[in-house]
Amino acid sequence: MAIESLALASGTAAARRDALPPIPWRDPHSVPPEDLQAHIARLEAACLEQPDSADVRTALGMAYAMNYEVYKSLDALAEATALDPTHFWAQLKLGELHYRLRALAVAERETTKALALARNGWQLAVARRQLQEIRRASRISPRNITWGKPLLMPALVLSGAIGLAAAALGWIS
């Protein structure tokens, strides 16, 4: 929380935008579950106190992801990007979460947005590296599914085939 308070105390929008969200750990296996739950509770309370803070929502989304709560993490990161569409870390972490879920087309789109939001060389390098990993995975992944096609017609055909089979079996008996 010290980084965020420093950025907020400085009062400049640039300092706030460049501040990393406060996450005390990088490896979820090195954190006792009770410490992670306590950290999540503190971040949820901070979200109630500061409903307009994209930084806090980004940190909450990252903590949820470390706790393997995917849907809560997606919701928190989506809220952070909705609150501040120019928030680099929220956009980058949303892309990273989609990458880890192997929704590669969405991950590439979100990471490309983050790349455009990078404010310094370090952020640019982090976003480029993530985009490079996503594109590498896209080339070799057998699960590169976009789910963009409507499923109504195949469902109707399958239902009709099952209905015909049931009628044929009923007629034979």
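Every read-out reported here was derived from the displayed coordinates using simple, explicitly stated rules and does not represent laboratory data. This one's a predicted model, so the numbers in the text were calculated from it and none came from an experiment. Methodologically, a virtual Cβ is constructed for each residue, glycine included, from the backbone with ideal geometry; neighbour enumeration extends over all protein chains shown.
What to note about this one:
- Flag for Ala155 being assigned to a helix (DSSP H, G or I) and within 24 Å of Met62 (Cα to Cα): no
- Residues (in a helix (DSSP H, G or I) and surrounded by fewer than 24 Cβ atoms within 10 Å (Cβ to Cβ)) located in the stretch 63-80: Tyr64, Ala65, Met66, Val70, Tyr71, Lys72, Ser73, Leu74, Asp75, Ala78, Glu79
- Gln123 surrounded by 13 or more Cβ atoms within 10 Å (Cβ to Cβ) and part of a helix (DSSP H, G or I): yes
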